[in-house]
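S.K.: Attaching a single structure in structure tokens format; questions to follow.
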């Protein structure tokens, strides 16, 4: 599955996110960040292993409007939301295995807390 960008595929992206069962996995990065550039291909590969999720790459400097008033200082910052709540929001070491394990954990039936303070990215995209 391809990784969406906020500027491309907006109609398809909004349609997929309209399903509350679909999990949004957003990487909040910056074009100038070398770590982000190295992480992006791994993020794209991971999206192929989780085709039921929507993966989104957001350049925080190009799309500050999608982040409410959040100031992203550490890269990469990951945001994972389902249709009802934020399941994860924060910086993560740029080792794709960490994100993969997080997603596998979130797919289980264990309840995840709703994390306050995360941007309402999913709502902004729909």
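The values are calculated or read from the model by the stated rules, or taken from the named source; none is laboratory data. Everything numeric here is computed off the predicted structure, so don't read it as measured data. Heads up, the Cβs are rebuilt from the backbone with ideal geometry, glycines too, and the neighbour counts pull from every protein chain shown.
S.K.: Can you pull out every residue in region 51-76 that is in contact with a strand residue (DSSP E or B) (Cβ under 7 Å, 6 or more places away or on another chain), outside any helix (DSSP H, G or I) and under 13 Å from residue 6 (Cβ atoms)?
M.R.: 54, 55, 56, 57, 58, 59, 60
S.K.: While we're on this one: Against the definition (buried (at least 19 other Cβ atoms within 10 Å of the Cβ), in contact with a helix residue (DSSP H, G or I) (Cβ under 7 Å, 6 or more places away or on another chain) and touching a residue at least 60 places away in the same chain (Cβ under 8 Å)), how does residue 13 come out, yes or no?
M.R.: So residue 13 fails the test.
S.K.: Give the number of residues within region 16-25 that are outside any strand (DSSP E or B) and in contact with a helix residue (DSSP H, G or I) (Cβ under 8 Å, 6 or more places away or on another chain).
M.R.: Adding up the residues that qualify gives 3.
S.K.: Next question. Within region 1-10, how many residues turn out to be surrounded by 13 or more Cβ atoms within 10 Å (Cβ to Cβ) and part of a loop (DSSP other than H, G, I, E, B)?
M.R.: The total comes to 4.
S.K.: Moving on. From 28, 79, 103, grab the single residue that is touching a strand residue (DSSP E or B) at 6+ places or on another chain (Cβ under 8 Å), assigned to a helix (DSSP H, G or I) and modelled with pLDDT of 90 or more.
M.R.: 103
S.K.: So residue 25 passes all but one of these: (1) within 23 Å of residue 61 (Cα to Cα); (2) crowded, with 16+ Cβ neighbours inside 10 Å; (3) over 12 Å from the mean Cα position of the chain (by Cα). Which condition number does it fail?
M.R.: Condition (3) is where residue 25 drops out.
S.K.: Those residues that are in contact (Cβ under 8 Å) with a residue 40 or more places away in the chain and on the phi > 0 side of the Ramachandran plot, I need them from region 60-101; list them, please.
M.R.: Listed by number, the list holds a single entry, 68.
S.K.: Say whether the condition of being surrounded by 16 or more Cβ atoms within 10 Å (Cβ to Cβ), in contact with a strand residue (DSSP E or B) (Cβ under 8 Å, 6 or more places away or on another chain), in contact (Cβ under 8 Å) with a residue 60 or more places away in the chain and not in a loop (DSSP other than H, G, I, E, B) is met by at least one residue in region 31-50.
M.R.: no
S.K.: Can you report the number of residues in region 32-41 which are farther than 23 Å from residue 104 by Cβ and touching a helix residue (DSSP H, G or I) at 6+ places or on another chain (Cβ under 8 Å)?
M.R.: The qualifying residues number 0.
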